[in-house]
Amino acid sequence: MSTRHPSPGPEQAESNRLLSVNDLRTDIRTDQGTIRAVDGVSFEVGRGETVCLVGESGSGKSVTCRSLTGILPEPPADVVGGSVEFDGQSLLEADDEQLRRIRGDRIAHVFQSPQSALDPVYTIGDQLVEAITIHNTASAARERAINLLRRVGIPRADSRIDDYPHEFSGGMCQRAAIAIALASDPELLIADEPTTAVDVTVQARLIELLRGLTDDGTSVLLITHDLRVAAALADRLLVMYGGTIVERGPLEELFDRPAHPYTQALFESYTGCSSRGDRTARRDVPTAGCRFRAECRHAVDTCVGGEQPPSYAVGDRETHGVSCVHYGPDRDPTPVLADAAAARPVSTEGDDD
Ligand code: ADP
Ligand code: MG
């Protein structure tokens, strides 16, 4: 057995770090009481890197992403702890005006529901032109808007630009929302299930588009429950369950050796339309100890108390971390890792099947 490290190494060299999230905690007040939707989430995104957040519905992916730039309704949501640094600037301490400027310029969001991202009373073109920097003349901005629509695969972009959102299909609205997000040439694109509402052909095109962005140095934080999309795009994966990240690491490493029992279960159940991915509400997860223990086939007494276990390195892979007691000091994770072979979700060789 190779040496085990107490925790994985840093995800990014400091010079390459664009986004750094540390111990983020977000509460949501509901009629049934307060839930901790995000419970101690830490991760980094490097420049030009694509990081994919995967996990079933209700695990806290959207709330995590919305907490970063302050686009959660407060109330009911409250960021109650942690830090978020973007290019050295603390976003949790930024005021509304600073956040608005960062969102209009350096960090762009694509939301889960494209229709709600578009304003029904303005044409697609008007909304795009508004998002394009003011340094352009009106005709240059329109030209750029048409090009952006072409890039996201809108046919006859030069005439469709004058359509209103209701004249677009759901998939086209999704593409228009992506075009608007790209209008400011953001350094970080945060995209929440951007390929969910589109057919396979368009999905392939969007994957190409997102890949091209990172080739140009843009960073992407992508939420998806489609492991094929993750396989096609991610440099690294973050696996989320019950408001915490239970496993993290480079794509190939995670797909080859999923180490957390939850990751293994998620991958095993994956068929492209997995029932886990379609869940809408978070199940009752324990609020102490390992969040996954109630469903875990490897649960032991030590999983019960305290905090979610820290992130332990898997074997000697310093970049592969798993929040599971079986990987801690003086433990033998062999029985848990034995399940990894059966859980390989999809090949990482390509997305052309
Ligand atoms: P995911 O994106 O992983 O599907 P979310 O981040 O949307 O999950 O949700 C995390 C948890 O927060 C879930 O339990 C969800 O029900 C709850 N939640 C999210 N938004 C709201 C809201 N506006 N009001 C009440 N609960 C919410
Ligand atoms: Mg979501």
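Here are the numbers for this structure:
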item: All positions within the stretch 80-93 that are open to solvent by 80 Å² or more (accessible area, probe 1.4 Å) and under 21 Å from Gln12 (Cα atoms); result: Glu85
item: Filter result (open to solvent by 30 Å² or more (accessible area, probe 1.4 Å) and more than 9 Å from ligand 1 (Cβ to nearest atom)) within the stretch 58-75; result: Gly70, Ile71, Glu74, Pro75
item: Close pairs (8 angstrom Cβ cut-off, 6 or more residues apart or separate chains): free of Cβ contacts under 8 Å to residues at least 24 places away in the same chain in the stretch 21-41, open to solvent by 10 Å² or more (accessible area, probe 1.4 Å) and part of a strand (DSSP E or B) anywhere; result: Thr34/Asp27; Thr34/Ile28
item: Count - residues of the stretch 94-142 that are open to solvent by less than 50 Å² (accessible area, probe 1.4 Å) and not in a helix (DSSP H, G or I); result: 8
item: Residues of the stretch 47-57 that turn out to be within 16 Å of ligand 2 (Cβ to nearest atom) and surrounded by fewer than 19 Cβ atoms within 10 Å (Cβ to Cβ), as a count; result: 1
item: Matching residues, the stretch 225-258, being touching an Asp or Glu at 6+ places or on another chain (Cβ under 6 Å) and open to solvent by less than 20 Å² (accessible area, probe 1.4 Å); result: Ala232, Val239, Gly243, Thr244
item: Residue within the stretch 312-326 that is closer than 30 Å to Ile28 by Cβ, open to solvent by 30 Å² or more (accessible area, probe 1.4 Å), at pLDDT 80 or above and in the same structural domain as His260 (by TED's automatic domain parsing) present; result: yes
item: Candidate set from the stretch 194-206 (those that are open to solvent by 10 Å² or more (accessible area, probe 1.4 Å) and within 12 Å of Arg175 (Cα to Cα)); member that is farthest from ligand 2 (Cβ to nearest atom); result: Arg205
item: Residue match in the stretch 32-48 (condition: outside any strand (DSSP E or B) and closer than 20 Å to Glu187 by Cα); result: yes
item: Residue in the stretch 187-206 that is assigned to a helix (DSSP H, G or I) and within 15 Å of the chain's Cα centre (by Cα) present; result: no
item: Check on Asp78, of a type in the set (D, E, K, R), more than 16 Å from ligand 2 (Cβ to nearest atom) and over 19 Å from Arg29 (Cβ atoms); result: no
item: Residues that are modelled with pLDDT of 95 or more and either open to solvent by less than 10 Å² (accessible area, probe 1.4 Å) or within 16 Å of ligand 2 (Cβ to nearest atom) (or both), drawn from the stretch 150-178; result: Ala157, Ile161
item: Count of residues meeting criterion [within 20 Å of Val285 (Cβ to Cβ) and in a helix (DSSP H, G or I)] in the stretch 67-93; result: 1
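One line per residue, one yes/no per condition, for (1) modelled with pLDDT of 95 or more; (2) more than 16 Å from ligand 2 (Cβ to nearest atom):
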position: Asp31; (1), (2): no, yes
position: Cys65; (1), (2): yes, no
position: Glu85; (1), (2): yes, yes
position: Ala117; (1), (2): no, no
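Okay, residues lined up against (1) more than 10 Å from ligand 1 (Cβ to nearest atom); (2) buried (at least 19 other Cβ atoms within 10 Å of the Cβ); (3) at pLDDT 95 or above:
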site: Ala13; (1), (2), (3): yes, no, no
site: Asn22; (1), (2), (3): yes, no, yes
site: Ser42; (1), (2), (3): yes, no, yes
site: Val45; (1), (2), (3): yes, yes, yes
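The values are calculated or read from the model by the stated rules, or taken from the named source; none is laboratory data. Predicted model only: the values in this text are computed from it and were never measured. Cβ sites come from the backbone with ideal geometry, for glycine too, and all protein chains shown count toward neighbours. Remember, those area values only see protein heavy atoms, side chains included, never the ligands or the DNA or RNA. Shrake-Rupley method; radii C 1.70, N 1.55, O 1.52, S 1.80 Å.
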